[in-house]
Amino acid sequence: MNLQNLNQSKQDLIAKLQAVSSEADLEIFRLEYLSRQGSIAQLFETLKTLDGEQKRLVGPQLNELKKEIQQLFDDKKEKLFQQKIHAQEEKQKYFDVTISKPVAKGSLHPYTQITEQIQNIFISMGFAVADGPELETEFFNFTALNVAKDHPARQDSDTFWIDTQHLLRTQTSTVQIRTMQTQKPPIAIIAPGRTMRNEATDASHDFMFMQFEGMYIAEKVSISNLLATLKSFLTQLFEKEITIRVRPGYFPFVEPGLEIDASCPFCTGGCSVCKRTGWIELMGAGLIHPEVLKHGGIDPTKYSGFAFGFGLTRLTMLKYQIPDIRLLHSSNIQFLQQF
Ligand code: FA5
């Protein structure tokens, strides 16, 4: 570029600007021509060397060139900026917010499902849900439940003792006494919870398992009340008419004590679940022993009650036909995904 041919120089610069198609190239153009060290600034330096007459002639032309190129440069800059924004908007326009990586979906553990189901059945019959601690005292787990001092269940072989007075509860029957001590009859409660026994594990025994306790105390409570309640509960749970069979059983905290069997919900004549007997052993039950009522602060001459307790683990295995109890406490995703 020189001062002699400014018109041509201007046309060249305009053509160069028109050819610029990116912000990076535009910056190169600015550095080369419009910056302080750029060609146009140099022409102004050369202008100073001209004599007065020439300066007056070329000066306005050079100013004009600078102004025009600066304006075209600014326009180009704005245009490229707008193009960039537009391209980004176009890209986002087709962004699909619903496209995402598949999220792993969880489900409630079979224990939780069956517990909620059982609770709902009993709640519909007027029972409330009660709770008790898993770390218990010797009194609530044994003495108050009329378990004799020399009963084998107290032995180290069956119970996880923490010290001489504390243990991990071996049964949810502990909640019976705790509830009697805090409520007045009529009392109708159910108590699901974890229980622990120092036992070797196999397909149907674990050292930790779930139990479900039920208790009703009022005036004139009879075995008929117990059986009607259990029949109604089992029929709702298995969604089919269940028959109950009663056998004598011994539990120190009930008198009389009963073993309750239910007609097999899966067959009519015998299957592998009921070992071809047509019956399933389900739970222990009975009328609450007067001594136990006394330990709970309830007058046995005025009130009577029934209690029952079953292995929730056993019922869950039955309901979902789970072959091994240990699966329920494993973190086996393949197993859990079925529920
Ligand atoms: C009791 O624990 C009594 N408290 C039940 C009861 C309550 C009777 C109220 C009368 C009145 P038992 O020790 O039989 O009873 O245990 C009850 C159930 O717990 C058993 O039928 C069985 O289903 C379950 N169970 C016992 N031991 C285990 C174990 N190691 N693993 C899994 N389930 C077990």
> What 222 nm value per residue comes from the helices of the chain, counting each DSSP H run with n ≥ 4 as -39,500 (n - 2.57) and dividing by all residues, nearest 500 deg cm²/dmol?
Replying inline: -12500 deg cm²/dmol
> How many percent of Cα pairs in the stretch 6-93 exceed 18 Å?
Replying inline: 51 percent
> Under a 5 Å amide H to amide H cut-off, with H placed in plane at 1.01 Å, what residues pair with residue 273 once short-range neighbours are removed?
Replying inline: none
> With +1 on each Lys and Arg Cβ and -1 on each Asp and Glu Cβ, how big is the dipole of the chain about its Cα centre, in debye rounded to the nearest 20?
Replying inline: 580 debye
> Taking K and R as +1 and D and E as -1, what net charge do the other residues with C-beta under 9 Å from the C-beta of residue 260 add up to?
Replying inline: -1
> Restricting attention to the stretch 99-193, which trypsin sites (Lys or Arg not before Pro) occupy a DSSP loop and are surrounded by at most 13 other Cβ atoms within 10 Å?
Replying inline: 105, 149
> Once the Cα atoms of helix 223-238 and of the chain are each reduced to a long axis, what angle between those two axes, in degrees from 0 to 90 to the nearest 10, is obtained?
Replying inline: 30 degrees
>> With unit charges on the beta carbons (Lys and Arg positive, Asp and Glu negative) and the dipole taken about the Cα centre of the chain, which residue among 173, 274, 94 sits farthest to the positive side?
In response: 94
> At a Förster distance of 41 Å, what's the computed FRET efficiency of residue 150 paired with residue 276, Cβ-Cβ distance as r, to 0.05?
Replying inline: 0.60
> What does the charge dipole of the stretch 208-339 about its Cα centre add up to, to the nearest 20 debye, if the Cβ of each Lys and Arg holds +1 and the Cβ of each Asp and Glu holds -1?
Replying inline: 280 debye
> Which values, in whole Å and largest first, are the semi-axes of the equivalent ellipsoid of the chain obtained as the square root of 5 times each eigenvalue of the Cα gyration tensor?
Replying inline: 94, 23, 19
> Projected onto the charge dipole of the chain (+1 at Lys/Arg Cβ, -1 at Asp/Glu Cβ, origin at the Cα centre), which of 151, 130, 108 gives the Cα projection farthest towards the positive end?
Replying inline: 108
> Distance from the Cα centre of the stretch 1-51 to that of the stretch 122-179, in angstrom?
Replying inline: 96 Å
>> Below 9 angstrom from the Cβ of residue 326, what's the summed charge of the other residues (Lys, Arg +1; Asp, Glu -1)?
In response: -3
> Just in the stretch 19-82: which trypsin sites (Lys or Arg not before Pro) are loop by DSSP and have at most 10 other Cβ atoms within 10 Å?
Replying inline: 36
> Using the reciprocal of the averaged 1/r over all distinct C-alpha pairs, how large is the Kirkwood radius of the stretch 102-181 in Å?
Replying inline: 15.0 Å
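Computed from the coordinates by the stated procedures, all read-outs in this text should not be read as laboratory data. These figures come from a predicted structure and were not determined experimentally. Cβ: placed from backbone, ideal geometry, glycine included. Neighbour counts: every protein chain shown.
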